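Structure, as structure tokens:
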Amino acid sequence: MSRAALLVLADGRFPAGGHAHSGGVEAAVAAGTVRDPASLEAFCRGRLHTTGLTGAGLAAAAATGYDALALDEAADARTPAPALRRVARRLGRQMMRAARATWPSDGLDRLAHDRPQGAHQPVVLGAAARSAGLAPLEAAHAAAYEGVGGPATAAVRLLSLDPFHATAVLARLAGDLDHIADRAASAAARVAAEGTGVLPAASAPLLDLAAEQHAAWPVRLFAS
Amino acid sequence: MHLDHPVTAPQRHTYGAEPFHADGSRRALRVGLGGPVGSGKTATVAALCRALRTQLSIAVVTNDIYTREDAAFLRREAVLPPERITAVETGACPHTAIRDDISANLEAVEQLEESLPALDLILVESGGDNLTATFSRGLVDTQIFVIDVSSGDDIPRKGGPGITTADLLIVNKTDLAPYVGADLNTMATDAHKQRGDLPVVFTSLTAPDGIGQVAAWITGRLTAWQAGATS
Ligand SMILES: Nc1nc2c(ncn2[C@@H]2O[C@H](COP(=O)(O)OP(=O)(O)OP(=O)(O)O)[C@@H](O)[C@H]2O)c(=O)[nH]1
Ligand SMILES: [Mg+2]
């Protein structure tokens, strides 16, 4: 197990397509609900405890080596908005490309073969973490962190927020991030015995609705 | 580092830069077009399509910054059938999408290659950016940087990776030079100083066959590519 591999995977520069996505922040900025560091923090905390937890659970489960196709179905069941399903599979494809180039493995090859149009991104992230020799808890950390890091970066671009303030928001979420990753990894540890039903299924209806609307905007900076 | 045979994992898209298809034939030549906002990248793409589409099978990927306007323009102008034009979204950062994280562009390119067999040429237009924006060698085989005379005739002197390293530098809108007081000789001298032996062409896309030299350069590159020389 290499802690440095986790830094590589969780680095915002990991070339897996995330930079073009705002995690719902672009729609939230337009709606006026994210407008300053405080509201960004509220947004990120909400996202972390809902879709963040769900994604972290899927990633951790994939990192245990559990059947990725079953997890992909579980991800579909936890992603009701068609726009977000499309985004998740597209980002999954992009993550797959980067992961196979950085940590090639039979497991990744198999998943790429079985899901040529892309598996859900958290599942691919978990499989990539496993390929990199990381533990399920570390995969959960990477997924959870990515779920708030992307929106924070997007908010800096969209609102010209002070980047120090945006980074301080992420630092203040560190305790929550640890907690969410722990919960995700505990659930993932039960999947082998009890099936995917034990994985978190928290969702954020407003994110779902806003994502559908955002996907129809004619002019936007971010793909989602 | 190629670990498995393409037949056992045909969807293996690890390295987009590999020059061959699974059947051993050469894939399409990928040409990147970068340069500052409004310098004439889309106009160059449109003119190239018009000049070359009868002899070559061409597709285009656009990278708009916050709209899909370039793709819409090319479709409206009908320079190619609509299924040959794809728009990539870049999240407010065009150079990231062509250099630091090329995954979305590679996807677009590969999708075109899969849906349009026997493509000869794929033109990838970057969103308008700054003088440091260059394409990754993992995304394109050769790149063109487009500047124009109206943003100041000192641009070639300023240099930057786009101007100094692009395989072809286009100085566009020469028809406007008299109106903006741009000295084309100075621009040419500075460009050659920055670029050594790398080629520079001056174009006016409003003139009949204004794209001629660029089309000839592309055809030459393509011939070398298809013959197997490294581009
Ligand atoms: N006079 C003149 N106008 C030109 C020429 N080439 C392009 N234009 C005009 O310049 C404007 C910008 O051209 P585009 O091709 O859209 O420029 P671009 O580099 O694609 O712009 P972005 O994608 O927004 O960065 C358009 O109005 C073109 O018609 C030229 O050679 N001469
Ligand atoms: Mg353009």
Positions within the stretch B:45-72 being within 14 Å of another protein chain (Cβ to nearest Cβ), in contact (Cβ under 8 Å) with a residue 24 or more places away in the chain and either surrounded by fewer than 19 Cβ atoms within 10 Å (Cβ to Cβ) or of a type in the set (Gly, Ala, Ser) (or both), in sequence order
B:66
Within 12 Å of chain B (Cβ to nearest Cβ) and over 22 Å from residue A:26 (Cβ atoms): which single residue out of A:111, A:58 fits that description?
A:111
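Quick check on residue A:193: is it out of contact with any strand residue (DSSP E or B) (no Cβ under 9 Å at 6 or more places or on another chain), without any contact (Cβ under 8 Å) to a residue 12 or more places away in the chain, assigned to a loop (DSSP other than H, G, I, E, B) and open to solvent by 70 Å² or more (accessible area, probe 1.4 Å)? Let's see the steps before the verdict.
On the way: out of contact with any strand residue (DSSP E or B) (no Cβ under 9 Å at 6 or more places or on another chain): yes; without any contact (Cβ under 8 Å) to a residue 12 or more places away in the chain: yes; assigned to a loop (DSSP other than H, G, I, E, B): no; open to solvent by 70 Å² or more (accessible area, probe 1.4 Å): yes.
No, not satisfied.
Have a look at B:96, B:86, B:90 and point out the one that is under 17 Å from residue B:48 (Cα atoms) and under 17 Å from the mean Cα position of the chain (by Cα). Reasoning before the result, please.
Working: B:96 fails: under 17 Å from residue B:48 (Cα atoms); B:90 fails: under 17 Å from residue B:48 (Cα atoms).
None of the other options fit; the residue is B:86.
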Assess whether residue B:39 counts as being open to solvent by less than 30 Å² (accessible area, probe 1.4 Å), near ligand 2 (Cβ under 10 Å from one of its atoms), modelled with pLDDT of 95 or more and in contact with an Asp or Glu (Cβ under 7 Å, 6 or more places away or on another chain).
yes
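Considering only the stretch B:89-108, I want to know if a residue exists there that is away from chain A (no Cβ under 14 Å), buried (at least 24 other Cβ atoms within 10 Å of the Cβ) and either polar (S, T, N, Q) or in contact (Cβ under 8 Å) with a residue 24 or more places away in the chain (or both). Quick ask: steps written out before the conclusion?
Of the residues in the stretch B:89-108, the ones away from chain A (no Cβ under 14 Å) are none.
Checked against the condition, which is being away from chain A (no Cβ under 14 Å), buried (at least 24 other Cβ atoms within 10 Å of the Cβ) and either polar (S, T, N, Q) or in contact (Cβ under 8 Å) with a residue 24 or more places away in the chain (or both), the stretch B:89-108 yields no hits at all.
Being open to solvent by less than 10 Å² (accessible area, probe 1.4 Å) and more than 13 Å from ligand 1 (Cβ to nearest atom) is the filter here, so list the residues in the stretch B:136-156 that pass it.
Filtering the stretch B:136-156 for residues open to solvent by less than 10 Å² (accessible area, probe 1.4 Å) gives B:139-140, B:142, B:144-149, B:156.
Within the stretch B:136-156, B:139, B:140, B:142, B:156 qualify.
Output the number of residues of the stretch A:71-102 satisfying the condition of being outside any helix (DSSP H, G or I), open to solvent by 10 Å² or more (accessible area, probe 1.4 Å) and of a type outside the set (D, E, K, R). Lay out the reasoning, then the answer.
Taking the stretch A:71-102 and keeping what is outside any helix (DSSP H, G or I), we get A:78-81.
This time we only want the ones that are open to solvent by 10 Å² or more (accessible area, probe 1.4 Å), so: A:78-80.
Imposing the further condition that a residue be of a type outside the set (D, E, K, R) reduces the set to A:79-80.
Adding up the residues that qualify gives 2.
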In the stretch B:73-88, what count of residues is obtained for those that are in contact (Cβ under 8 Å) with a residue 24 or more places away in the chain and farther than 21 Å from residue A:14 by Cβ?
10
Residues of the stretch B:129-155 being away from ligand 2 (no atom under 16 Å from the Cβ) and in a strand (DSSP E or B), in sequence order, are B:142
Considering only residues that are within 18 Å of the chain's Cα centre (by Cα) and part of a loop (DSSP other than H, G, I, E, B), which ones fall in the stretch B:184-229?
B:198, B:199, B:203, B:204, B:205, B:210, B:211
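Check the stretch B:157-176 and report whether any residue there is more than 17 Å from the chain's Cα centre (by Cα), among the small types (Gly, Ala, Ser) and open to solvent by 50 Å² or more (accessible area, probe 1.4 Å). Walk me through it before giving the result.
Here is the first cut: in the stretch B:157-176, the residues more than 17 Å from the chain's Cα centre (by Cα) are B:157-160, B:173-176.
Right, trim to among the small types (Gly, Ala, Ser) and you get B:159-160.
Narrowing further to those that are open to solvent by 50 Å² or more (accessible area, probe 1.4 Å): none.
No - not one qualifying residue is present in the stretch B:157-176.
Among the residues of the stretch B:74-88 satisfying the criterion of being within 14 Å of chain A (Cβ to nearest Cβ) and within 14 Å of ligand 1 (Cβ to nearest atom), which is most open to solvent (accessible area, probe 1.4 Å)? Walk me through it before giving the result.
Within the stretch B:74-88, the first condition is being within 14 Å of chain A (Cβ to nearest Cβ), and the residues that meet it are B:86-88.
Filter once more, so that each one left must be within 14 Å of ligand 1 (Cβ to nearest atom): B:87-88.
Details: B:87: 37, B:88: 11 Å².
That would be B:87.
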Tell me which of these residue B:66 doesn't satisfy, since it passes every other one: (1) among the hydroxyl-bearing types (Ser, Thr, Tyr); (2) assigned to a loop (DSSP other than H, G, I, E, B); (3) within 14 Å of the chain's Cα centre (by Cα).
(3)
Here's a check for you: in the stretch A:7-25, which residue that is within 7 Å of another protein chain (Cβ to nearest Cβ) and assigned to a helix (DSSP H, G or I) is least open to solvent (accessible area, probe 1.4 Å)?
A:20
Any residue that is surrounded by fewer than 22 Cβ atoms within 10 Å (Cβ to Cβ), within 14 Å of chain A (Cβ to nearest Cβ) and out of contact with any strand residue (DSSP E or B) (no Cβ under 8 Å at 6 or more places or on another chain) - is there at least one of those in the stretch B:113-128?
yes
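The values are calculated or read from the model by the stated rules, or taken from the named source; none is laboratory data. In this text, all values refer to a predicted model and were calculated from it rather than measured experimentally. Note: ideal-geometry Cβ built from the backbone for every residue, glycine included; neighbour counts use all protein chains shown. All accessible areas refer to the heavy atoms of the entire protein, side chains included, with ligands and DNA or RNA removed. Shrake-Rupley method; radii C 1.70, N 1.55, O 1.52, S 1.80 Å.
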